[in-house]
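Working notes, beginning with the structure itself.
The values are calculated or read from the model by the stated rules, or taken from the named source; none is laboratory data. Computed from a predicted structure; not experimentally measured. We place every Cβ from the backbone using ideal geometry, glycine too, and count neighbours over all the protein chains shown.
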Amino acid sequence: MSLTGTEPMTVDDRRAGPPEPQEQRQQERAEDGELEGVHVGRRRFFRTLRGETLRSAAAIANAAAAARREAAMATGAAARTLRGPAAARPRLEGRVSAQRAAGSHRSPYRVADETLYIVDQRELPERIVELRCGASGDVMAAIRSKAVYGAAVSAQVAAYGLWLSAVRGKGRDGAALHALLAGAAAALREVGAGIRPLAVAVDRMEARRQDVREVAEDDVIAEELRREADAIAMEAMLDHARLGRVGAAIVPQPADRPLEILTLGSTGALSAGMVGTALAVVQAIAAEGRRVHVWVMETRPFLEGARLTALELSHAGIPHTVIADTAAGWVLANEPVDAVLVGADLVAANGETIWTVGSYSTAVLASRANVPFYVCASTVTFDVATPAAPSVARWLGDETEVASIRGVRLGPAPENALNPLADLIPADLIEAFVTEDAIRHPPLGSSLRTTGASADRDTASAGRGSS
């Protein structure tokens, strides 16, 4: 049954899921080696993404522990201080180039031959296109353009970007190489301003660099930064797998119907690098054999809900319904929604949370409807050193995103549009925080101090690769 057809579709029809269109089946048969502009390997790509969520937490823990042990043996104690204010926004030279897709993936990026390949999320769901990144400047361009989108995945690719800059900097004298890497780290912090996991990842990479500052061989510096980037990615995978299981336990299953979840933004593997955050909770619920249905807010203007979250749910086989953002109040008032699940870019010491624009109004509506609003984020997202969340009033994006949808002009000139990027969610609208090790209820108090201390140890103890 098609949404564009003449036959009416009920909510139950949509929850059952439409049959797979012929065009998608043709795309899935496309050859993996086809060039940019051709649909490539959709089913294989997302089948492996879905499979990662269902991996054993114990197996992931073993891999993460191994990575941490390797990192710990490699160097001594880490630098414990931050490296000063972020530099001005860099002028990026060169463009990230599109490459052919190369087989199946286990995350929205891969590393091969001293190159980072990022799946361009702007092209989804129509096609899979990889962007080739050879240094941190390419990664910055990918983050700024939203080719890579999501706090956790941005942190991981930023770490690999610094490693790539070390690789490209081989042959320079020691002072020049370290100056290059310090500048790249400052520029990445600026590009990722307000994204706590990215800041922590960059600080960890900088601490590792300081550990080996006196090492003469530039190849050793690059090798150590690669170890740290691998540890950051592995620990995020472990944390998100645990988070999904913790979150699945807090939402009780109704006796006579599927569990109903409302979400907005992108919180699956595409935004988290391997498993996901809020979407990991949904997938953990489904993996337990429980019935679940998800209301997916489209999340204007980037449409990451309609394009990315719906795509991941579709390939996971989880029933879902995409709604306009303005329909969230209607759904909360007229449907038996059991919980709202969202992610976070940063959680301050007072519990204030920064997340995708639209999350504040959704939290207000959920409060009015007496529906619990849960923030799903690993502890690296919590910042005990920040008493309150910074103002997001001037965090504005490109106006053309509001005045058009995927290149199609909607109204008057873009200068008459406003494009806020993020919302600040007050702590009193949040029922609980779902982390990898506990459920925390506001007011956070000592539990946040413990969480923040753990996150700060990640920064200060980068040489140990601890979590």
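Pairing residues of segment 359-388 that are farther than 21 Å from ILE250 by Cβ with residues that are among the polar types (S, T, N, Q), at Cβ distances under 7 Å and at least 6 apart in sequence or on separate chains, gives PRO387/ASN350; ALA388/ASN350.
For VAL157, state whether it is surrounded by fewer than 24 Cβ atoms within 10 Å (Cβ to Cβ), in contact (Cβ under 8 Å) with a residue 12 or more places away in the chain and in contact with a helix residue (DSSP H, G or I) (Cβ under 9 Å, 6 or more places away or on another chain). No; evaluated as a whole, the condition is false for this residue. Looking at (1) in contact with a strand residue (DSSP E or B) (Cβ under 7 Å, 6 or more places away or on another chain); (2) among the β-branched types (Val, Ile, Thr); (3) more than 17 Å from VAL331 (Cβ to Cβ); (4) assigned to a loop (DSSP other than H, G, I, E, B), which is the one condition that is false for VAL275? Exception for VAL275: condition (1). Filtering HIS293, HIS315 for residues that are in a strand (DSSP E or B) and closer than 26 Å to GLU126 by Cα leaves a single hit, HIS293. Total residues in segment 125-151 satisfying the condition of being of a type in the set (Gly, Ala, Ser) and not in a loop (DSSP other than H, G, I, E, B): the figure is 5. In the set VAL347, VAL342, VAL331, only one residue is closer than 20 Å to ALA369 by Cα, outside the structural domain of ALA193 (by TED's automatic domain parsing) and under 20 Å from the mean Cα position of the chain (by Cα); that residue is VAL342. Of all the numbered requirements in (1) more than 30 Å from ILE354 (Cβ to Cβ); (2) touching a Leu at 6+ places or on another chain (Cβ under 8 Å), GLY194 misses one, and that requirement is (1).
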